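Below is one structure, written out as C-alpha cells; comments come after it.
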Amino acid sequence: MTTENNPAAILQPTAVVDWEPPMPPTDLIFDDGEPLESNRHRIAMNTLIRSLQQTWADRNDYFTGGNMFIYYSSAQVRNRDFRGPDFFAVLNVDGSKSRQGWVVWEEDGRYPDVIVELMSPSTATIDQGIKKNLYEQIFHTSDYFVYDPFDQNSLRGWHLDDNQQYQPLIPNERNWLWCRRLNLWLGTWEGTIDRETAIWLRFYDASGNLALLPEEEAKAWEEEAKAREEAAKAREEAAKALTERLAAKLRELGENPDLL
C-alpha cells in the first residue's frame, strides 16, 4: 500500500540513526628513522629543550619537545605528511603526561604555542615557506622562529597578530628576538656545549640573563659556593691579621695581650 492510499503512513516516524564522526587513526608512526641534519643540530635542539625545562623547573603546566611528530588531521596521517618541529612548547597542559609525539585530538585540540626550526641549506626554503604557512594558518602558533646553527646571522622570527597573520619580529640592540608566549628572549651565545664550540641559539630572561642548562646551573652554584668559602676565609685571615697587629701594639706599650 502506498502512502497516497494510507495517509497515516506519512505520520509514521522514520528510524533515527545516530551519527558519529570518523574515529581518528590509531596506527600512528612516531619515528621515521630520519636523523637530524648534524650533531650540532641535535645539540642545538636539546639545548633549547633542557634550558627551558631548567628555567621552569618548578612548573608542570607545559610540555616541550623536539623532533617529535605533530599529528593534527586524519588526512595528514593518510598522506604520511609528517611534521616534526625541532623545538616546540605547549603551555597550560599537563607536563607530567608521557608522550611519544603530539597528537592534537588527544590534547583537547591544542597546538604548539611556540615553534623553533633549526634550518640547514636544504631545509631553509621549506622552513620559511610551507612550514611557516602551516604554523600560521593551521596551527595558529603564536611565535615561530628559524635559526641555522652554522649561520649566526640567520635568526628570524614572527608573531601571530590579531588577524591570525604572522608579523616579523624586530630584533633588539643585541639582535635578540622576544618570545611573548614564553616571556623569554631568543638570541645567540658563543660557547662549548657537549664538547662542540659554536654560536648557539639560547634563551635569555627578561633581564638579559642566560637561561642555563642543568650542568651550567650546577657549575654556577659550585662557583658561588667556592666564592663564598674564599670570602669567608679572607675575612678570617683579615681578622687574624688585625688581632696580631693589636697584640703587637700592646706589647710596645708594655702590656701583655695574653693577660687581657
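Looking at (1) farther than 13 Å from T47 by Cβ; (2) surrounded by 10 or more Cβ atoms within 10 Å (Cβ to Cβ); (3) in contact (Cβ under 8 Å) with a residue 12 or more places away in the chain, which is the one condition that is false for W200?
(1)
Tell me which strands (runs of 3 or more DSSP E) are completely within segment 89-168 and hold 1 or more residues being among the acidic types (D, E) and in contact with a His (Cβ under 7 Å, 6 or more places away or on another chain), or say none if there are none.
Fully inside segment 89-168 and qualifying: 143-148.
Sort out which residues of segment 45-77 are assigned to a loop (DSSP other than H, G, I, E, B) and hydroxyl-bearing (S, T, Y), and write them in order of number.
Y72, S73
If you take the residues in segment 172-183 that are surrounded by 12 or more Cβ atoms within 10 Å (Cβ to Cβ) and of a type outside the set (F, W, Y), which one is nearest to the chain's Cα centre (by Cα)? I'd like the intermediate steps shown before the answer.
Kept after step one, since they are surrounded by 12 or more Cβ atoms within 10 Å (Cβ to Cβ), are these residues of segment 172-183: 172, 176-182.
Those still in the list that are of a type outside the set (F, W, Y) too: 172, 177, 179-182.
Values: N172: 20, L177: 14, C179: 10, R180: 13, R181: 10, L182: 8 Å.
Ranking the qualifying residues of segment 172-183, first place goes to L182.
Residues of segment 93-113 being under 16 Å from the mean Cα position of the chain (by Cα) and loosely packed, with under 14 Cβ neighbours inside 10 Å, which ones?
Selection gives D94, S96.
Touching a residue at least 12 places away in the same chain (Cβ under 8 Å), out of contact with any Phe, Trp or Tyr (no Cβ under 6 Å at 6 or more places or on another chain) and either of a type in the set (G, A, S) or not assigned by TED's automatic domain parsing to the domain that holds Q53 (or both), is that true of S142?
yes
Exactly one of (1) more than 19 Å from the chain's Cα centre (by Cα); (2) of a type in the set (A, V, I, L, M, F, W, C); (3) assigned by TED's automatic domain parsing to the domain that holds G109 is unmet by L186. Its number?
It is condition (1) that L186 fails.
The values are calculated or read from the model by the stated rules, or taken from the named source; none is laboratory data. Values in this document were obtained by computation on a predicted structure and should not be read as measured data. Counting neighbours? That spans all protein chains shown, and the Cβs are built from the backbone with ideal geometry, glycine included.
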